[in-house]
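Colleague: A single structure is presented below for examination.
The values are calculated or read from the model by the stated rules, or taken from the named source; none is laboratory data. Everything numeric here is computed off the predicted structure, so don't read it as measured data. So basically every Cβ, Gly included, is an ideal-geometry build from the backbone, and we count neighbours across all protein chains shown. Surface accessibility is based on the protein's heavy atoms, side chains included, excluding ligands, DNA and RNA. Shrake-Rupley method; radii C 1.70, N 1.55, O 1.52, S 1.80 Å.
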Amino acid sequence: MKYIVPILLFLISSSSFSQERAVVYGKITDEKGRAIELANVAISGLPGGTMTDQKGKYELAVPANTEVYVTMSFVGLEKGVEKVFLQTGERYELNKTLKSTFTQLPEVEVEDEQIRSSNLVRIDPKVAFNVPTSSDKIPTLLKTLPGVSSGNELSSQYSVRGGNFDENLVYVNDIEIYRPFLVRAGQQEGLSFVNSDLVSSLLFSAGGFDAKYGDKMSSVLDLKYKKPNGFAGSAMISLLGASFHVEGVAAKNKFTYLLGVRYKTNQYLLNSLETKGDYRPSFVDVQGLLSYDISKKVEISFLGTVSSNKYQVVPESRETDFGTVQEAKRITIYFDGQEVDRYMTYLAGLTTTYKPNRRTRLKFIASGYNSDESETYDIIGQYWIGRLDNNAGSESFGEVIERQGVGTYMNHARNSMNINVFNLTHKGTKEIGNQLLQWGVKYQHESIADEMNEWIMIDSAGYSLPHPPDTPGMENTNFDPFGVYELIRTNANINSNRYTAFIQNTWGVDPDSSKFTLTGGIRANYWDYNQQLVISPRVTMSYKPEWKKDILFRFSTGLYYQPPFYRELVAQNGTINENQQAQMSYHIVAASDWNFKAWGRPFKFVTELYYKYMDNLIPYNIDNVRIRYYAFQKSHGYATGVDFKVNGEFVPGVESWVSLSFMSTREDVYGDKYLDQDGNIDESRGDPGYIPRPTDQRVNVSIFFQDYLPMNPTYKMSLTFLYGSSLPFGPPNSPKYQHTLRMPPYRRVDIGFSKELIGAHTKFNPKNPLRVFNTLWITAEILNLLGVNNTVSYIWVTDIYGRQYAVPNYLTSRQLNVKLVARF
């Protein structure tokens, strides 16, 4: 904390007591009479304060001859406020007993011991309240977990243990959520589906998850929205957007409502990009959860969302320096045209829950999802490549001294997609002694209409690419005199049905009677489009030895098939592979979970060692957040690594964590061969063998840290740190084995400083309109504190000598964000 205080000094207004003082002293205990160490004692509305010692005792100087409020607080206990009026020099004994706070949690969520024996990790969504971020809070927290990586702060997408964005499951109240299909850049993405103001429970698994979860190869995020027990709400406004939510109960607590509205505009961030222009992004999201208890045994609920994401940009110019110190270059581009993208998403889910007895729960869900997406742009870019003067003593140092390439490119797209997904689902749970039986069946109908017309034309150094080989005296009659560099055309209408089912049982549910827990299950998936049935057995075992140390060991294994949805069917030229089969991953995960105490506070240290063998893979490449599959190629590969995480109260009363991951993922493409300069197979070189996958990020380090001023906890700080080592990439339209170049590491630090303006320490008269607020926080965030130019992708240009250059596309620079958050 001693390093944070100097930074916060500019937030703290100075004040001093007069020479007339009095003293309040005493002891703070809990309901059982035990002394509370490190409890905060302060004067409402004034900086400073003190903390209790090991015996719960304190002593605090207060202004004399003035009415003041003394506030006593400790995490997990109700705050105590006492009014005092003392004479000069008076000593007043004030003892206080702080009561435990009681929070009503959703049913079946109080299962931490059971969660510990699985490969799920629970995260308190309240931690996201002050997280500094340029995107959404929940995805930002996920990116700080071990095994999770992301190199784009403008996107909510993430990669888990070598998987891509399409390999992650997301559920909200047992309804599967899909990500947009046409989005190709993080700034187009807008709002993620998850509204952090509405979340009550967050479970995440980076692999080895149970059979009750669906058919993806990497991870699962299981979210539950709140079931309110009273009226409450919140409002937030910042330079990046605003949000509002309200919740409450009615009809004698039988009816509950939860409504949230969000607005986001990242125009402020996009103006820091190297491509200058007129950015007009607008993202709006409305979500609601309504529930009604028909009886003690029957409850119905409705989850509905409408999301409108619109991205418009009229680019003007761009100037980027690249290359090395010895060969520094600059590209200058002038643009003409514009891009307009629209993504409309609708979701409706009706759930009926029937509890015939306290050990049995039956759930029936009918849901529908629609995504209507369009992507239109015509952008012409005229570029100049120049060599920079690298002589530090020259008057023209850093200026262009030689033009080495000129060219023009034109990007055109008229893409549209409409996706409809309808589900009928039944899930059930039943406790049988020391066992927990779970089962489920699901029918899903999909209707997809996709029309793509996208091309790129390049006029580089006086000729159009592709360019025919020039041979003096010879006429190339097999070459079209005009062609485009890249062409994608698709017109597809697909209607299909999926049938899934699972059953699993857990033995040793009660942690007090069993130190060994076993969960075994199997799930089946049939898709009538490719007429493939896949069976996935999965097992997780945990053992807690009777040691003095609280250590638990876990082992998980299983098959994880991922039947294609739609994106995996489409090749890079737009052709549909109608016979595409499911990808497969075999997981082996071994873990240890150690609960311990340091400095008298709770901590947890988790280690997970994993190996994933993958077969029938569909190779792909990634450009920003756009995944493009080689739909008619196959490969097999592996991902292996180890994850470490330490979390706990590094600062008393608040949770922080540090994550460290090492990982390697590679693949061998079936039938690939080395090619010579003419594009013919080079038999002398053989097979390229294993090559890095696009997500082969060897090292990841992430930190989420919270702190506050010990003498005045109304001042808080939150920090996120992300480091990801280099990712592979390669030239466009090239064989996969050439994608072994490495982009620079991703490094980012975001920090936020907050001040609680209204809280338990403040008192208002009955006529003050601010009395309706329980808390009011103001936060200043410094985004990308270190000002690192992180690379997200590359554009490729050609000079007059025919050489190709990879010009980096940089992400956002250092920015300041200010936000105001109120809760009532």
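Colleague: Within region 77-96, restricting attention to residues that are aliphatic (A, V, I, L, M) and within 12 Å of Ser44 (Cβ to Cβ), which residue is farthest from the chain's Cα centre (by Cα)? Working first, answer last.
Modeller: In the first step, residues of region 77-96 are kept if they are aliphatic (A, V, I, L, M); the result is 77, 81, 84, 86, 94.
Narrowing further to those that are within 12 Å of Ser44 (Cβ to Cβ): 81, 84.
Working: Val81: 39, Val84: 48 Å.
Checked region 77-96; the qualifying residue farthest from the chain's Cα centre (by Cα) is Val84.
Colleague: Would you mind finding the one in Phe603, Phe596 that is surrounded by fewer than 18 Cβ atoms within 10 Å (Cβ to Cβ), in contact with a Gly (Cβ under 7 Å, 6 or more places away or on another chain), of a type in the set (A, V, I, L, M, F, W, C) and without any contact (Cβ under 8 Å) to a residue 60 or more places away in the chain? Before you say what the answer is, go through the steps one by one.
Modeller: Working: Phe596 fails: in contact with a Gly (Cβ under 7 Å, 6 or more places away or on another chain).
After applying the criteria, what remains is Phe603.
Colleague: Taking the condition of a type in the set (A, V, I, L, M, F, W, C), in a strand (DSSP E or B), open to solvent by 40 Å² or more (accessible area, probe 1.4 Å) and at pLDDT 90 or above, does Phe753 pass?
Modeller: The answer is no for Phe753.
Colleague: Continuing with the same structure: Could you list, in sequence order, the residues of region 610-656 that are out of contact with any Leu (no Cβ under 9 Å at 6 or more places or on another chain), under 14 Å from Tyr586 (Cα atoms) and either surrounded by fewer than 19 Cβ atoms within 10 Å (Cβ to Cβ) or among the hydroxyl-bearing types (Ser, Thr, Tyr) (or both)?
Modeller: Within region 610-656, Tyr610, Tyr611, Tyr613, Asp615, Asn616, Tyr638 qualify.
Colleague: Quick one: Ile703 ticks every box in (1) without any contact (Cβ under 8 Å) to a residue 60 or more places away in the chain; (2) in contact with a Ser or Thr (Cβ under 8 Å, 6 or more places away or on another chain); (3) not small (Gly, Ala, Ser) except a single one, so which number is it?
Modeller: Against the list (1) without any contact (Cβ under 8 Å) to a residue 60 or more places away in the chain; (2) in contact with a Ser or Thr (Cβ under 8 Å, 6 or more places away or on another chain); (3) not small (Gly, Ala, Ser), Ile703 comes up short only on (1).
Colleague: State the number of residues belonging to region 594-631 that are in a strand (DSSP E or B), among the polar types (S, T, N, Q) and within 24 Å of the chain's Cα centre (by Cα).
Modeller: Restricting attention to region 594-631, the residues satisfying the condition of being in a strand (DSSP E or B) are 594-598, 601-617, 620-623, 626-629.
So of that shortlist, the ones also among the polar types (S, T, N, Q) come out as 595, 607, 616, 621.
Next, from what is left, pick out any that are within 24 Å of the chain's Cα centre (by Cα): 607, 621.
The total comes to 2.
Colleague: Which one of these does Arg748 not meet: (1) closer than 26 Å to Thr50 by Cα; (2) open to solvent by less than 30 Å² (accessible area, probe 1.4 Å); (3) in contact (Cβ under 8 Å) with a residue 60 or more places away in the chain?
Modeller: Exception for Arg748: condition (1).
Colleague: Could you list, in sequence order, the residues of region 130-146 that are open to solvent by 10 Å² or more (accessible area, probe 1.4 Å) and not in a helix (DSSP H, G or I)?
Modeller: Thr133, Ser135, Asp136, Lys143, Pro146
Colleague: Please verify whether region 657-677 includes one or more residues that are β-branched (Val, Ile, Thr), open to solvent by 30 Å² or more (accessible area, probe 1.4 Å) and closer than 30 Å to Leu741 by Cβ. Working first, answer last.
Modeller: Within region 657-677, the first condition is being β-branched (Val, Ile, Thr), and the residues that meet it are 658, 665, 669.
So of that shortlist, the ones also open to solvent by 30 Å² or more (accessible area, probe 1.4 Å) come out as 658.
Subsequent filtering for residues that are closer than 30 Å to Leu741 by Cβ retains none.
Within region 657-677 (the criterion being β-branched (Val, Ile, Thr), open to solvent by 30 Å² or more (accessible area, probe 1.4 Å) and closer than 30 Å to Leu741 by Cβ), the answer is no, since none of the residues qualifies.
Colleague: If you go through region 395-418 one residue at a time, do you hit one that is in contact with an Asp or Glu (Cβ under 9 Å, 6 or more places away or on another chain), among the aromatic types (Phe, Trp, Tyr), open to solvent by 60 Å² or more (accessible area, probe 1.4 Å) and touching a residue at least 24 places away in the same chain (Cβ under 8 Å)?
Modeller: no
Colleague: Given the conditions (1) within 25 Å of Ser134 (Cβ to Cβ); (2) open to solvent by less than 20 Å² (accessible area, probe 1.4 Å); (3) among the hydroxyl-bearing types (Ser, Thr, Tyr), report the number of the one that Thr351 does not fulfil.
Modeller: If we test Thr351 against (1) within 25 Å of Ser134 (Cβ to Cβ); (2) open to solvent by less than 20 Å² (accessible area, probe 1.4 Å); (3) among the hydroxyl-bearing types (Ser, Thr, Tyr), just (1) comes out false.
Colleague: Could you grab me the full set of residues in region 204-244 that are closer than 21 Å to Gly304 by Cα, touching a residue at least 40 places away in the same chain (Cβ under 8 Å) and under 21 Å from the mean Cα position of the chain (by Cα)?
Modeller: Leu221, Asp222, Leu223, Lys224, Tyr225, Lys226, Ser243
Colleague: A follow-up question, please. Restricting attention to strands (runs of 3 or more DSSP E) lying wholly within region 223-319, give those where 2 or more residues are aromatic (Phe, Trp, Tyr) and open to solvent by less than 70 Å² (accessible area, probe 1.4 Å).
Modeller: Working: elements: 232-238, 241-250, 255-264, 275-279, 282-293.
It comes to 255-264.
Colleague: Since Gly521 meets every condition but one in (1) modelled with pLDDT under 95; (2) out of contact with any helix residue (DSSP H, G or I) (no Cβ under 8 Å at 6 or more places or on another chain); (3) assigned to a strand (DSSP E or B); (4) not β-branched (Val, Ile, Thr), which condition does it not meet?
Modeller: It fails just one condition, (1).
Colleague: Going residue by residue through region 420-434, is there one that turns out to be loosely packed, with under 15 Cβ neighbours inside 10 Å, at pLDDT below 95, in contact with a Ser or Thr (Cβ under 8 Å, 6 or more places away or on another chain) and more than 30 Å from Thr332 (Cα to Cα)?
Modeller: Yes, region 420-434 has at least one match.
Colleague: Tally the residues that are among the polar types (S, T, N, Q), in a strand (DSSP E or B) and surrounded by 15 or more Cβ atoms within 10 Å (Cβ to Cβ), restricting the search to region 574-593. Steps first, answer last, please.
Modeller: So the first thing to find is which residues in region 574-593 are among the polar types (S, T, N, Q), and the list is 575, 577, 579-581, 583, 585, 592.
So of that shortlist, the ones also in a strand (DSSP E or B) come out as 583, 585, 592.
After this cut, where a residue has to be surrounded by 15 or more Cβ atoms within 10 Å (Cβ to Cβ) as well, the list is 583, 585.
Result for region 574-593: 2.
Colleague: So for region 790-806 (the condition being of a type outside the set (Val, Ile, Thr), at pLDDT 90 or above, open to solvent by 10 Å² or more (accessible area, probe 1.4 Å) and not in a strand (DSSP E or B)), does at least one residue qualify?
Modeller: no
One line per residue, one yes/no per condition, for (1) of a type outside the set (Gly, Ala, Ser); (2) in contact with a Ser or Thr (Cβ under 9 Å, 6 or more places away or on another chain):
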position	(1), (2)
Ile588	yes, yes
Ser592	no, yes
Phe596	yes, no
Phe603	yes, no
Lys612	yes, yes
Asp623	yes, yes
Arg628	yes, no
Lys634	yes, no
Lys645	yes, yes
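Colleague: Right, another one. Which numbered condition trips up Val127, out of (1) at pLDDT below 85; (2) part of a helix (DSSP H, G or I); (3) not polar (S, T, N, Q)?
Modeller: Unmet for Val127, out of (1) at pLDDT below 85; (2) part of a helix (DSSP H, G or I); (3) not polar (S, T, N, Q): (1).
Colleague: Looking at region 769-786, is at least one residue crowded, with 17+ Cβ neighbours inside 10 Å, at pLDDT 90 or above, in a strand (DSSP E or B) and touching a Pro at 6+ places or on another chain (Cβ under 6 Å)?
Modeller: yes
Colleague: Just give me the residues in region 403-421 being under 20 Å from Ser374 (Cβ atoms) and of a type in the set (Gly, Ala, Ser), in sequence order.
Modeller: Within region 403-421, Ala413, Ser416 meet the criteria.
Colleague: Which of the residues that make up region 555-573 are in a strand (DSSP E or B), modelled with pLDDT of 95 or more and at negative phi? Full working, then the answer.
Modeller: First, the residues of region 555-573 that are in a strand (DSSP E or B): 555-562, 570.
If we keep only those that are modelled with pLDDT of 95 or more too, we end up with 555-562.
Phe555, Ser556, Thr557, Leu559, Tyr560, Tyr561, Gln562 - these are the residues of region 555-573 that are in a strand (DSSP E or B), modelled with pLDDT of 95 or more and at negative phi.
Colleague: Name the one entry in Glu683, Glu655 that is under 27 Å from the mean Cα position of the chain (by Cα) and either in a loop (DSSP other than H, G, I, E, B) or charged (D, E, K, R) (or both).
Modeller: Exactly one of Glu683, Glu655 is under 27 Å from the mean Cα position of the chain (by Cα) and either in a loop (DSSP other than H, G, I, E, B) or charged (D, E, K, R) (or both), namely Glu655.
Colleague: Moving to a separate point now. Here is a list: Lys32, Lys55. Which entry is at pLDDT below 80 and surrounded by fewer than 18 Cβ atoms within 10 Å (Cβ to Cβ)? Give the derivation first.
Modeller: Working: Lys55 fails: at pLDDT below 80.
Step by step, each of Lys32, Lys55 is checked, and only Lys32 is at pLDDT below 80 and surrounded by fewer than 18 Cβ atoms within 10 Å (Cβ to Cβ).
Colleague: Turning to a different aspect of this structure: So, in region 176-185, how many residues would count as being crowded, with 22+ Cβ neighbours inside 10 Å and modelled with pLDDT of 90 or more?
Modeller: Of the residues in region 176-185, 0 are crowded, with 22+ Cβ neighbours inside 10 Å and modelled with pLDDT of 90 or more.
Colleague: Given the residues Leu77, Leu141, Leu105, which is the only one that is modelled with pLDDT of 85 or more, in contact with a strand residue (DSSP E or B) (Cβ under 9 Å, 6 or more places away or on another chain) and not basic (Lys, Arg)?
Modeller: On the way: Leu77 fails: modelled with pLDDT of 85 or more; Leu105 fails: modelled with pLDDT of 85 or more.
None of the others qualify; the one that does is Leu141.
Colleague: Continuing with this model, one more query. For Pro564, only one of the following conditions fails: (1) under 30 Å from Tyr620 (Cβ atoms); (2) in contact with a Ser or Thr (Cβ under 8 Å, 6 or more places away or on another chain); (3) open to solvent by less than 20 Å² (accessible area, probe 1.4 Å). What is its number?
Modeller: (2)
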